[in-house]
Amino acid sequence: MKKTSLMLLLLAGSFCLPAAAENKQDACKILDLKRVSSQLNLNPQSKEKQMAFLEAFPNSWEEFIAVYHHYDPLTGSYDRLYQQAPKHIESLKSLDQVDDARLIPHLVDLTYGSSWDADAPNYLQEVLHELMAGKKDAFFAELSKRSKAAQFDFWAFYWSSPAKNGTDSPYEKEKKALESAMKDKYPQIVRALSLAYEYYYGEAMPL
């Protein structure tokens, strides 16, 4: 009887623990993301499903990397949700039933302490650029509530690129357009934007 009870306790404690995960918190997050992503795929226009996906999605850089860009030195490969990263991150663009007041702070939070790399970090960067095109007012309004350090972290990640594509690159055009549109209302944020572009565009070092 004692052995049976012990086994039940061990099973309950390890329910969220797949082989590739090293701690229960990451493992539960992975299972939750798989569940809500599947539900969102079945009903992509449901506000409830979109909100559930955003709430389950990592809300810090450390968690984002642990879930989508985790490297296992024992197997010499990336694991956890590495393969699902493109689809999950792409889904952030489709959360049209979620208010910007919920979506944008979540995305800005993700970039604090961030660093560019290929794969999942790059997918996230691309999504931020696509969302910025239609939501720049919401992004700048949210950044205005953050510290100068947090503002710079956001733009450093946003502009990070390992190579420059010339003075006529899409990034250069976007930078000029944002500076022109937002310099009067948000001069401090535009300064951070411009400085981060100077320091990180073409200078990014992978993780």
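The values are calculated or read from the model by the stated rules, or taken from the named source; none is laboratory data. Owing to the predicted nature of the structure, the values given are computational and were not obtained by experimental measurement. Backbone-built Cβ (ideal geometry, glycine too); neighbour counts: all protein chains shown. Heavy atoms of the whole protein, side chains included, go into the accessibility calculation; ligands, DNA and RNA do not. Shrake-Rupley method; radii C 1.70, N 1.55, O 1.52, S 1.80 Å.
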Original post:
How would you classify segment 76-151 from its alpha-carbon gyration tensor, with a ≥ b ≥ c the square roots of the eigenvalues: rounded for a/c under 1.5, else prolate if a/b is greater than b/c, otherwise oblate?
Top reply: oblate
**OP:** Project the alpha carbons of segment 52-99 onto their principal axes and report the range along each, largest first, in whole Å.
**Re:** 42, 18, 14
Original post:
When the accessible area of the chain is computed with all protein chains present and a 1.4 Å probe, what percentage of it is carbon and sulfur?
Top reply: 54 percent
Subject >> Within the chain, helix-based [θ] at 222 nm, where runs of 4 or more DSSP H residues each add -39,500 (n - 2.57), nearest 500 >> reply: -20000 deg cm²/dmol
Original post:
At a Förster radius of 25 Å, what calculated FRET efficiency corresponds to the Cβ-Cβ distance of E63 and E203, to the nearest 0.05?
Top reply: 0.45
Original post:
When the chain is fully extended, how far beyond the present Cα-Cα distance does D99 get from S169, taking 0.36 nm per residue of separation?
Top reply: 22.0 nm
Original post:
Rounded, prolate or oblate: which fits segment 144-207, taking a ≥ b ≥ c as square roots of the Cα gyration tensor eigenvalues, rounded meaning a/c under 1.5, else prolate when a/b beats b/c?
Top reply: oblate
**OP:** Give me the distance in nm between label points sitting 7 Å out from Cα along the Cα-to-Cβ direction at Y71 and A118, one decimal.
**Re:** 1.1 nm
**OP:** Figure the gain on full extension for M132 and K87 (residue separation times 0.36 nm, minus the Cα-Cα span) and round it to one decimal in nm.
**Re:** 14.3 nm
Subject >> Top positive-direction residue, dipole computed over the chain with Cβ charges, set Q84, C28, A163 >> reply: C28
**OP:** Classify segment 24-154 as rounded, prolate or oblate from the Cα gyration tensor: take a ≥ b ≥ c as the square roots of its eigenvalues, call it rounded if a/c is under 1.5, otherwise prolate when a/b beats b/c and oblate if not.
**Re:** oblate
Subject >> Accessible area per residue, Å², segment 129-207 with all protein chains present, probe 1.4 Å >> reply: 55 Å²
